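In what follows, a single structure is set out as structure tokens and then discussed.
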Amino acid sequence: MDGTTATLQEKLDDLLHQAAEVSVALDRANGTIVGIPHDSVIETRAHELGQQLSRLIQARQMGQLAAHAADFAPCPECGTRCPLERKERRITSIDGSFTAEEPSGSCPRCRRGFFPLPRNVGPRRP
């Protein structure tokens with residue numbers, strides 16, 4: 001691991017520990033966890049927090065891809081070079097639904113909208 005990777009890993013580990021502490025304190029404060037809970041209650045709450053983190057990461061990753069996407073992509077139907085916009089889209093993952101920004105195209109020739117495949121979008125050129 002290089003210095004940057006190690007620093008980022010250390011920061012992530014610290015943030016995850018903080019999130020765990022805050023989650024436990026919040027569950028006690030709002031009454032979600034009272035007394036001595038059954039292991040299944042603790043596990044369910046931990047899993048819910050993991051799913052929330054998963055949705056946030058997915059939305060963030062997709063947002064970064066959209067932000068760096070090219071301004072044009074080929075229409076999947078006819079191959080016409082079409083301009084791309086960034087649009088919010090509701091996505092359902094195995095960890096629940098979230099909103100993410102995605103590149104979206106509209107072909108004037110086929111008169112159809114499309115979300116280009118990542119391999120057809122590529123990085124934005126300066």
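The numbers here are math on the coordinates, done by the rules we state, and not lab data. Since the structure is predicted, the reported quantities are computational estimates derived from the model, not experimental observations. Don't worry about glycine lacking a Cβ; one is built from the backbone with ideal geometry, like all the others, and counts go over all protein chains shown.
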Local electrostatic count, C110, Cβ distance below 15 Å [Lys/Arg +1, Asp/Glu -1]: +3
For L26, what is the net charge nearby, where nearby means another residue's Cβ is under 14 Å from its Cβ and Lys, Arg count +1, Asp, Glu -1? -1
Those Cys residues of the chain for which no other cysteine Cβ falls under 4.7 Å: C78, C82
Output the 0 to 90 degree angle, nearest 10, between the alpha-carbon long axis of helix 39-67 and the longest principal axis computed from the alpha carbons of the chain. 30
Report the label-to-label distance for R89 and V41 in nanometres (one decimal), using points 7 Å from each Cα along the Cα→Cβ vector. 4.1
How much net charge surrounds C78 when only other residues with a Cβ under 13 Å from its Cβ are counted (Lys, Arg +1; Asp, Glu -1)? +3
Using Cα-Cα distances under 8 Å and only pairs 6 or more residues apart, what relative contact order does the chain have, in percent? 20
Assuming R0 = 30 Å, can you tell me the calculated FRET efficiency for the pair I33 and L8, based on Cβ-Cβ distance, to the nearest 0.05? 0.45
Would you mind checking the radius of gyration and Dmax of region 27-126 based on alpha-carbon positions, in Å? 19.8, 65
